[in-house]
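Single-structure report; data block below.
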Amino acid sequence: MELVLNFRRALIALIPHVECLGIPWRDDEKYDEWESLASALFETLVIFPIRTSLDEREWADVKFAPYEILQEDYALLSVLIMSPSTTELRVFYGLATTREPFDTCLWYRVSAGGQVVSRTREATPLAETNLAALVRTRTGVRVLSDVLAPASH
C-alpha cells in the first residue's frame, strides 16, 4: 500500500503545477494531459518497484493493466487487487477525489478467470483499502502482498 500512497502524494504535489498551466485534474474535468502524467507516475512509482522486486528473468513476462483504462480481459495481465478471493477479484482502476485529493480507490469486479463481471466502477476510501499485486508470469500467478504492505497512517 505504501507504493500507492507514495503515488497519491506525487499526484497531490503536481496539483499546483498543473493548475498554473491550466491543466484540469479533478475527476469530472481531467483529460489527456492529466491522464498522461498520472499514468507515467503510476508506472514509475508503483509498477516499476513491483517489477524490480521480481527475478530479473521474469520482468519481460509481466504486463500490468494500464492506469485508469478498463480492459476487456484481465486474464493475461498483472493487476493490483483488493481482498484476493478464489471466485472474484476487485481490480484496482485508479484514484479519485471524494473529500481530499485522490482519497478514494476505484475498482472493478473481475472473475478469477479475468473477465469483467460488472462494468460498474466501484469505490472504497483509500484509508480502508489493502492492495496486493497479482503478478502473472509464464511460470504462474503470484500474489505479492508484501510489496504493497498496509500503510501506517
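Values quoted throughout were computed directly from the atomic coordinates according to the rules given, and no laboratory measurement underlies them. Model, not experiment: these values are computed from the prediction. Cβ: placed from backbone, ideal geometry, glycine included. Neighbour counts: every protein chain shown.
Under the rule of -39500 (n - 2.57) per DSSP H run of 4 or more residues, summed and divided by the residues of the chain, what mean residue ellipticity at 222 nm is obtained, to the nearest 500 deg cm²/dmol?
Calculated from helices alone, the mean residue ellipticity at 222 nm is -7000 deg cm²/dmol.
Taking the Cα atoms only, what angle lies between the long axis of helix 32-42 and the longest principal axis of the chain, rounded to 10 degrees?
50 degrees
Which one, THR98, CYS20, THR87, is farthest towards the positive end of the dipole of the chain when Lys and Arg carry +1 and Asp and Glu -1 on their Cβ?
Result: THR87, furthest along the dipole toward the positive end.
R0 = 22 Å: FRET efficiency of LYS63 with LYS30, Cβ-based, nearest 0.05?
Efficiency, rounded to the nearest 0.05: 0.35.
Using only alpha carbons, build the gyration tensor for segment 2-144 and give me the equivalent ellipsoid semi-axes, biggest first, whole Å.
So the equivalent ellipsoid measures 26, 18, 13 Å along its semi-axes.
Describe numerically, in nm with one decimal, the distance between label points set 7 Å from Cα along Cα→Cβ at ALA13 and at GLU100.
The modelled label-to-label distance comes out at 1.7 nm.
For the chain, find the longest principal axis of its Cα atoms and tell me its angle to the long axis of helix 2-20, 0 to 90°, nearest 10.
30 degrees
Over the Cα atoms of segment 2-58, what Rg and Dmax result, in angstrom?
In order Rg, Dmax, the Cα atoms of segment 2-58 give 13.5, 43 Å.
Residue separation times 0.36 nm, minus the C-alpha to C-alpha distance between GLU122 and SER145: what's the value?
6.1 nm
Let me know the charge dipole size of the chain about its Cα centre in debye, to the nearest 20, where only the beta-carbon of Lys, Arg (+1) and Asp, Glu (-1) is charged.
Result for the chain is approximately 380 debye, rounded to the nearest 20.
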